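**Q** Have a look at this one.
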Amino acid sequence: MTVVLKTFQLSTKPYCDIIDITHQVQTAVSESKIKDGIVNVSVAGSTGAISTTEYEPGLVKHDIENLLENIIPYNKNYAHHKTWHDHNGAGHLRSFLVKTSQTFPFQNRQVILGTWQQIIFLELDEKTRSRTIYVQIIGE
Amino acid sequence: MTVVLKTFQLSTKPYCDIIDITHQVQTAVSESKIKDGIVNVSVAGSTGAISTTEYEPGLVKHDIENLLENIIPYNKNYAHHKTWHDHNGAGHLRSFLVKTSQTFPFQNRQVILGTWQQIIFLELDEKTRSRTIYVQIIGE
Amino acid sequence: MTVVLKTFQLSTKPYCDIIDITHQVQTAVSESKIKDGIVNVSVAGSTGAISTTEYEPGLVKHDIENLLENIIPYNKNYAHHKTWHDHNGAGHLRSFLVKTSQTFPFQNRQVILGTWQQIIFLELDEKTRSRTIYVQIIGE
């Protein structure tokens, strides 16, 4: 049984930039030399999120953004803005709801996902960011 | 330390069929012969989800469906529908939000859950499906 | 490779009490003597939840509560109330949506989180509760 931590960087755009990170996660698992186990994918921060979706333009350029904008609009006066005089309250709330990590199984060095299912990072902040994604792999 | 992957099948109904899978997950943990560890429960696909709830008819036949229908209605024109000319945009969005996996601790071969807490699979697609649920167990 | 289960208790207030549990989780990891791995944080129950946020009063006293109240109001007639003649349907639905567990990586005995990111427990029930939080640590 072994633990291997891999990281990679993302340059992101603000306001719900959604990036397909399946390839980077699969590469990390392949390079770890661990055959079977689980892989935890996370961002260190409170204005990003990790989930999965079918990575096609309708969902990732329109539908997910519209869903999040409906329940947590960017242009609203959040109490968070009074604390620090910034304006990324919506980014924090979206990150809280979608969450900053997800864990997947893998077998024979292949992450188990559906054919039309990709792992995504969501940039929910109001600024361009450089993000470190952590891929913690445990197995044997 | 050992890794054991178990799978089981579900025949599901469309539009928010919610199935109690606690027994199958607990059986997988018991059969793995691993005493203490964590168990990752996931569906491979982008129109299903895993979470927990008290499995009683009010919540699983009415309240959860109403909640999801309020924030992500099935009968709406999603951009996803234009991509593939199908109609399961709501299923994708619900799966993105609730997520396709959850990880639980177990001790002495017992999954640690509350007395009124069951592990559930949610079929969010618009068609009857046959689903494979993956139960990845790691521990010693 | 080792598995260590730690628990701690919380005395909570009803209706969206949000408690910073980062210190307890980090202490559990430090005391486990495991250097690198993952830590699964969970509550056994169906009216609590685990997530992360920047723990500052604007978000934890106002914005998160307002978000959850907007999509899952406490003062509503849920079908769950007819089953048991209680009134915590909103607590169940919030717990279902935010989920009862989250898994984090750690390296050199440090849980990997952002500078302004704290692990939180959410009490979503309508009563004062004593909660056991489970911290399952796996690694080497």
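Every read-out reported here was derived from the displayed coordinates using simple, explicitly stated rules and does not represent laboratory data. What you see is a predicted model; the values in this text were computed from it and never measured. As a convention, Cβ positions derive from the backbone with ideal geometry for all residues, glycine included, and neighbour counts pool all protein chains shown.
**Q** Which value, in debye to the nearest 20, gives the size of the charge dipole of chain B about its Cα centre, when Lys and Arg are +1 and Asp and Glu are -1 at the Cβ?
**A** Dipole magnitude for chain B comes out near 340 debye.
**Q** Are there any trypsin sites (Lys or Arg not before Pro) in segment B:1-69 that are in a DSSP loop and have at most 16 other Cβ atoms within 10 Å? List them by number.
**A** B:LYS33, B:LYS35
**Q** Another question, then. Which residue, A:THR115, A:THR103, A:THR27, tops the fluctuation ranking in a GNM of chain A built on C-alpha contacts under 10 Å?
**A** Most flexible of the set in this elastic network: A:THR115.
**Q** On the Cα set of segment B:1-86, report Rg and Dmax in Å, please.
**A** Calculated on Cα positions, Rg and Dmax stand at 16.7, 49 Å.
**Q** Related question: Output, in nm with one decimal and in ascending order, the distances from the B:PRO73 label point to the matching label points of the other copies (7 Å from Cα along Cα-to-Cβ).
**A** 1.8, 1.8
**Q** Next up: So what are the protein assembly as shown's ellipsoid semi-axes, whole angstrom, largest first, if each one is the square root of 5 times an eigenvalue of the alpha-carbon gyration tensor?
**A** Those come to 27, 24, 24 Å.
**Q** Given the pairs A:LYS6/C:LYS13; A:LYS35/B:LYS33; A:LYS61/B:LYS61, which span a C-alpha to C-alpha distance of over 30 angstrom in this model?
**A** Flagged as over cut-off: A:LYS6/C:LYS13; A:LYS61/B:LYS61.
**Q** Now for a different question. Could you give the dipole magnitude of the protein assembly as shown about its Cα centre, charging the beta-carbon of Lys and Arg +1 and that of Asp and Glu -1, in debye to the nearest 20?
**A** 560 debye
**Q** In nm, one decimal, shortest first: how far is the label point of C:THR115 (7 Å from Cα along Cα to beta carbon) from the matching points in the other copies?
**A** 4.7, 4.7
**Q** Percent relative contact order of segment C:1-122, based on C-alpha pairs within less than 8 angstrom and at least six residues apart?
**A** Relative contact order of segment C:1-122: 45 percent.
**Q** How far is A:LYS13 from itself in the other copies, in nm, if each label sits 7 Å out from Cα along the Cα-Cβ line, shortest first?
**A** Ordered by increasing distance: 4.3, 4.3 nm.
**Q** When you look at the Cβ of every residue in A:56-62, what mean number of other chain Cβ atoms sits within 10 Å?
**A** Per residue, the number of nearby Cβ atoms from other chains is 5 on average.
**Q** For C:TRP84 and B:GLU69, what is the calculated FRET efficiency with R₀ set at 30 Å and r taken between the beta-carbons, to the nearest 0.05?
**A** In this case the efficiency is close to 0.85.
**Q** Which of B:ASP36, B:ASP17, B:ASP63 moves the most in a Gaussian network model of chain B with Cα springs under 10 Å?
**A** It is B:ASP63.
**Q** Also, quick follow-up: Only Lys, Arg, Asp and Glu count, each charged at its Cβ (+1, +1, -1, -1), so figure out the dipole size of segment B:19-92 about its Cα centre, rounded to 20 debye.
**A** Dipole about the Cα centre, nearest 20: 300 debye.
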